[in-house]
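Engineer: This is the structure, below, for whatever I ask next.
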């Protein structure tokens, strides 16, 4: 028996809905074919954007979408992606497969996508190969409601009124693909570039600095020390590999039990990373003014056999769903600092929530986790403690839990059972509320279970049958390798 205690009166922080954000890079078939097919495509679309994908993303209430990269951001020149499509410059995507980009998906198309799915845009600017002027003019093009060369250019391209643009990243992975910079050098560049990311026409830009790669604590130290007071948030990137070896990362399907558990071990390192990076941030920002944004996270496996290695296409199993559930539970626990996160990536790349093949579309197990966890959007994190056994061989907890109360006063508990073989029967004492009814949903299946275009519903959400509320105590069972949402009213 697993004893869980939840106190709805012991509130902590608001779980920003942006923690459940996504990331769409010009990489492989994420944008082209996955999201954007063009207006002339036989695939049903609205202004070139796939109707089925847009509907699926609306359903999980995707709050914010990061674009155009990733590594692509620091070689992207935004003026190549505006104006009549037949006149747009073509470019080679040097980071991802060496394919030619025709720039038919640019700023206007991205804003159309965000409007269709109802999310906030998060745009990443080019520091690695761009200029201060280029970045300044992009912000002006998007947000200035007045007479200027950039606003006139926007109007000539069909957008009379400016867009609203809150989130803007000043560079990406500038320690690596964004320029191989030292933290001190990037921090000075950030101060320079960010100065010219202006607030126009009542639009207030939330400026995001490039943060560390995983365990590079010196990067956070130097950037916070030199440039922290000029930014609203700093980023963190961490990917989960079964092997921890970038040369041979491990397979997406057909893996052994040991690979499942090593994946979970590496996934749980997110807790350590956030704790240590926020301690550094606290030294330079004790008021918690600067947020932490984990804008690239998720599983990274060897690509599917026969696919372009630069396209990072991988299948998605219940193991990926477990990584998503555990990671999102961790983000919830640190929601006093973690203000946004963006899983990599939305469609057809890495830990995608959607896979497409021509006109076909399939929702992955990870998609269903985001569908389940939207219950936490903008809810209040409350105290929870679980007396969970450890999976001794790997020294990891067997149960990951998060609890929040939404504006309607409902308590939502998400619980993920990391064990492959042992069920987790939970008895929860709920303090601080008069509970009258309970219901639940469950995502379950063998660790290697996944959805295909031939069998798209192998893994899907179902009602939780054994959830009970008796004498103020909630009880439910979490089968091996399962994720449960229990709602108490």
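The values are calculated or read from the model by the stated rules, or taken from the named source; none is laboratory data. A quick note: this is a predicted structure, and the numbers were derived from the prediction, not measured. Backbone-built Cβ (ideal geometry, glycine too); neighbour counts: all protein chains shown.
Engineer: Could you list all residues from the stretch 307-323 that are touching a strand residue (DSSP E or B) at 6+ places or on another chain (Cβ under 7 Å) and assigned to a helix (DSSP H, G or I)? Can you show your working first?
Structural biologist: The first filter runs over the stretch 307-323 and keeps only residues touching a strand residue (DSSP E or B) at 6+ places or on another chain (Cβ under 7 Å), leaving 315-317, 320-323.
The answer is 320, 321, 322, 323.
Engineer: Now for a separate question. Suppose we filter 233, 212 for residues that are touching a helix residue (DSSP H, G or I) at 6+ places or on another chain (Cβ under 7 Å) and at pLDDT 95 or above; which single one remains?
Structural biologist: Working: 233 fails: touching a helix residue (DSSP H, G or I) at 6+ places or on another chain (Cβ under 7 Å).
So the residue among 233, 212 that is touching a helix residue (DSSP H, G or I) at 6+ places or on another chain (Cβ under 7 Å) and at pLDDT 95 or above is 212.
Engineer: In the stretch 274-290, which residues are assigned to a loop (DSSP other than H, G, I, E, B), under 22 Å from the mean Cα position of the chain (by Cα) and surrounded by fewer than 16 Cβ atoms within 10 Å (Cβ to Cβ)? Break it down into steps so the answer makes sense when it comes.
Structural biologist: Restricting attention to the stretch 274-290, the residues satisfying the condition of being assigned to a loop (DSSP other than H, G, I, E, B) are 285-290.
Then keep just the ones that are under 22 Å from the mean Cα position of the chain (by Cα); that gives 288-290.
Of everything in the stretch 274-290, those that are assigned to a loop (DSSP other than H, G, I, E, B), under 22 Å from the mean Cα position of the chain (by Cα) and surrounded by fewer than 16 Cβ atoms within 10 Å (Cβ to Cβ) turn out to be 288, 289.
Engineer: May I pose another question? Please determine whether any residue of the stretch 30-40 is part of a strand (DSSP E or B), in contact with a helix residue (DSSP H, G or I) (Cβ under 9 Å, 6 or more places away or on another chain) and more than 30 Å from residue 485 (Cβ to Cβ).
Structural biologist: yes
Engineer: Quick check, is residue 307 within 22 Å of residue 25 (Cα to Cα) and touching a helix residue (DSSP H, G or I) at 6+ places or on another chain (Cβ under 7 Å)?
Structural biologist: On the way: within 22 Å of residue 25 (Cα to Cα): yes; touching a helix residue (DSSP H, G or I) at 6+ places or on another chain (Cβ under 7 Å): no.
For residue 307, the condition - within 22 Å of residue 25 (Cα to Cα) and touching a helix residue (DSSP H, G or I) at 6+ places or on another chain (Cβ under 7 Å) - is not met.
Engineer: Within the stretch 230-249, identify whether any single residue is more than 24 Å from residue 451 (Cα to Cα) and part of a helix (DSSP H, G or I), and answer yes or no.
Structural biologist: Scanning the stretch 230-249 turns up at least one residue that is more than 24 Å from residue 451 (Cα to Cα) and part of a helix (DSSP H, G or I).
Engineer: Here's a follow-up. Given (1) over 20 Å from the mean Cα position of the chain (by Cα); (2) surrounded by 15 or more Cβ atoms within 10 Å (Cβ to Cβ); (3) assigned to a helix (DSSP H, G or I), where does residue 373 come up short, assuming only one miss?
Structural biologist: Exception for residue 373: condition (1).
Engineer: Sticking with this structure for a sec: Would you be able to tell me the number of residues in the stretch 243-267 that are touching a residue at least 40 places away in the same chain (Cβ under 8 Å) and within 21 Å of residue 23 (Cβ to Cβ)?
Structural biologist: Our first condition is that a residue be touching a residue at least 40 places away in the same chain (Cβ under 8 Å); within the stretch 243-267, this holds for 248-255, 257, 260-265, 267.
Next, only the ones that are within 21 Å of residue 23 (Cβ to Cβ) stay: 249, 252, 263, 267.
Result for the stretch 243-267: 4.
Engineer: Name, by its number, the condition in (1) more than 24 Å from the chain's Cα centre (by Cα); (2) not in a helix (DSSP H, G or I) that does not hold for residue 140.
Structural biologist: Checking residue 140 against (1) more than 24 Å from the chain's Cα centre (by Cα); (2) not in a helix (DSSP H, G or I), the one that fails is (2).
Engineer: Given the condition surrounded by fewer than 24 Cβ atoms within 10 Å (Cβ to Cβ), free of Cβ contacts under 8 Å to residues at least 60 places away in the same chain and not in a strand (DSSP E or B), answer yes or no: does some residue in the stretch 291-300 qualify?
Structural biologist: Within the stretch 291-300 (the criterion being surrounded by fewer than 24 Cβ atoms within 10 Å (Cβ to Cβ), free of Cβ contacts under 8 Å to residues at least 60 places away in the same chain and not in a strand (DSSP E or B)), the answer is no, since none of the residues qualifies.
Engineer: Which residue, of 457, 412, is surrounded by fewer than 19 Cβ atoms within 10 Å (Cβ to Cβ) and either at pLDDT below 95 or farther than 27 Å from residue 261 by Cβ (or both)? Give the derivation first.
Structural biologist: Values: 412 fails: surrounded by fewer than 19 Cβ atoms within 10 Å (Cβ to Cβ).
The conditions single out 457.
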